[in-house]
Amino acid sequence: MKRELKLVILLALFVPTNLFAQVSESSKTHKAQVTFAYPVGSGGMGSMEYSNNFSFNILYGLNGGVDGFELGSILNYNKGSVKGFQLSGVSNINTGSSNGFLLSGVSNICHEQTNGLLITGVLNYSGQNAKGFQLAGVSNINAGYTDGFLLSGVSNICMDSTSGVFISGVLNYSAKNAKGFQLATTNIAVSEYKGFQLGVFNYAKKLQGFQLGVINYTNNAEGGIPIGILSIVRNGHYEFEFSGGEVLFSNLNYKMGVERLYTVFKIGYSSYKSNPVYSYGIGLGGNIPLSEKQKVNIDLSSNNIVYYNTWDTDLNLLCKADFNYKYSLSDNLSLLVGPSLNVYVTREKVESEYGTLNIPYTIYTKEWMTTKLFMWAGINVGLSLKL
């Protein structure tokens, strides 16, 4: 009995006849097929001429298409379109369009458009337009227009326009116009970008939206705002500011970004008890235009205070909110004056007293065991030089 059963199984696997499918030659569709390793299977040498509702490839199979379900331990290969669910231990390769859910251990490679859910351990590739959700352990690569949610461990690379959410560990790349949300170490939109880029380095040729990163670069940010430590904008806002105040007598500020929001780098010099006081800090600010010659700029900054060349000081921080009125004396030179709100937190003591700044008065103080806070209102007066 066992011998006869083995013979039946062998015939089902190795004889190129369809024992369990109804064949319509006009539509060239089989209900089902089983292949051990092409061409050893129910479809034989002609298996790529037929699409199947159910396809089972014990090792690998080469078929004409799927409209339903396909399972392969190593490889599923289809010359035509795939619809439905495709599962492979190593790879799904489709030369036609793919619509549905593709799941593989290593790669899903689709030569034409895809629409649906693609999940793989290493690579998802679409040779034409792609829509839906793509998850890859290493990379999603799409040659056509991409619309959907792409998530990868290393990179999402799109050689056409993109729309949607793109998240990767290292790189998001769009070769043409892009919109939506990009999150990666590096985000690159070669043409116009509309949306939000979040990463260490963000690039967009034309920005319509936001960039948040350590370094942002854009050729044109008329419709966007880059936020970062270094925001490099061609024809953007670059300015030096020379000012003095009640506790830091000499200040040099450098501003870069766009008029609406720029980064401020600050250094300053003063003295306390006949000893030098230095300051350095960083902040954000923006200009509010009032007229052709008048502006108001608001700067928020945090400044580390160094007393008597002791650079390894404990907590000694001056936080400032500056509100300056600016009047243009020429195209590049402006006069500035305005109030400031100062919050000074320190653990440094000089002659048993907290602080290393000549604070004129306070509107609020708070002392803890090893720290003291001072708050007061001050003033800034100076000149700005726009580059």
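No lab work stands behind these numbers, since they all come straight from the coordinates. Source: prediction; values computed, not measured. For neighbour counting, all protein chains shown are included, and Cβ atoms are generated from backbone atoms with ideal geometry for every residue, glycine included.
A few points about this structure:
- Amide N of the range 316-338 lying under 16 Å from the label point, which is placed 7 angstrom from the Cα of residue 375 along Cα→Cβ: 318-322
- Subtracting the Cα-Cα distance of residue 350 and residue 321 from 0.36 nm times their residue separation leaves 7.8 nm of extension gain.
- Sites residue 298 and residue 85 - FRET efficiency at Förster radius 45 Å, r taken between beta-carbons, to 0.05: 0.20
- Taking every DSSP helix (H) stretch of at least 4 residues in the chain, weighting each as -39,500 (n - 2.57) and dividing the sum by the residue count yields a mean residue ellipticity at 222 nm of -1000 deg cm²/dmol.
- Among 369, 256, 45, residue whose mean-square fluctuation peaks in a GNM of the chain (springs only between Cα atoms under 10 Å): 369
- Taking 0.36 nm per residue of separation and subtracting the current Cα-Cα distance, fully stretching the chain between residue 230 and residue 212 would add 5.5 nm.
- Sites residue 205 and residue 337 - FRET efficiency at Förster radius 41 Å, r taken between beta-carbons, to 0.05: 0.60
- Among beta bridges that DSSP assigns inside the range 178-268, antiparallel share in %, nearest 5: 30 percent
- DSSP-assigned coil residues among trypsin sites (Lys or Arg not before Pro) in the range 287-372, each with at most 16 further Cβ atoms within 10 Å: 293, 347
- Summing +1 for each Lys or Arg and -1 for each Asp or Glu among the other residues whose beta-carbon sits under 14 angstrom from that of residue 367 gives +2.
- A DSSP coil position with no more than 14 other Cβ atoms inside 10 Å describes the following GluC sites (Glu not before Pro) in the range 294-387: 351.
- Build a GNM of the chain with springs between Cα atoms under 10 Å apart, and of 124, 202, 303 the one that fluctuates most is 303.
- Local charge for residue 53 was computed over the other residues whose Cβ lies under 15 Å away, with Lys and Arg +1 and Asp and Glu -1, and equals +1.
- The lysine pair count for the range 278-387, using Cα distances under 16 Å and pairs eight or more places apart or on different chains, is 7.
- If the segment from residue 328 to residue 282 were pulled out straight at 0.36 nm per residue, it would be longer than the present Cα-Cα gap by 14.1 nm.
- Helix 2-14 and the long axis of the chain differ in direction by around 70°, with both axes built from C-alpha atoms.
- Annotation for the range 234-280 versus the range 64-97: alpha-carbon center distance of 63 Å.
- Here the label points at residue 240 and residue 31, each 7 Å from Cα along the C-beta direction, are separated by 8.5 nm in the simple model.
- Summed side-chain charge close to residue 354 - residues other than residue 354 whose Cβ falls under 14 Å, Lys, Arg +1, Asp, Glu -1: 0
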